[in-house]
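Coordinate-derived values only; no laboratory data. A quick note: this is a predicted structure, and the numbers were derived from the prediction, not measured. All Cβ positions, even for glycine, are placed from backbone atoms using ideal geometry, and neighbour counts span all protein chains on display.
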Amino acid sequence: MNIEDYNEKRYQDYITTLVDEEEIELIECKCCGWSVEESEIQVMKMHDVNDGQELEYCKECIYIYKKENL
């Protein structure tokens, strides 16, 4: 193996690390419509919103809802 082959292999390994990054899935909040990470979403039933269906809401909307209604 010569130096050019070695450098090419290192470069290919480097490119592979850049491409293989995991994409973060975003989920849309059914109240405000913002897309947030899955860790910021909770399934909840808001009786005054969306006909009281149990849907995915962001933690900020849940906090505001609880503060205003409970």
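Run the simple label-point estimate for Leu26 and Asp5 please: 7 Å along Cα→C-beta, distance reported in nm.
Each label point lies 7 Å from its Cα, and together they span 4.6 nm.
Of the GluC sites (Glu not before Pro) in the chain, which ones lie in a loop per DSSP and count no more than 16 other C-beta atoms within 10 Å?
Glu21, Glu22, Glu23, Glu25
Among all lysine pairs in the chain that are eight or more places apart or on different chains, how many have alpha carbons less than 16 angstrom apart?
The number of close lysine pairs in the chain is 7.
Residues with amide H under 5 Å of Cys32's amide H, sequence separation 5 or more or different chain, H placed in the peptide plane at 1.01 Å from N; which?
Here the answer is Cys58, since their amide H atoms fall under 5 Å of that of Cys32.
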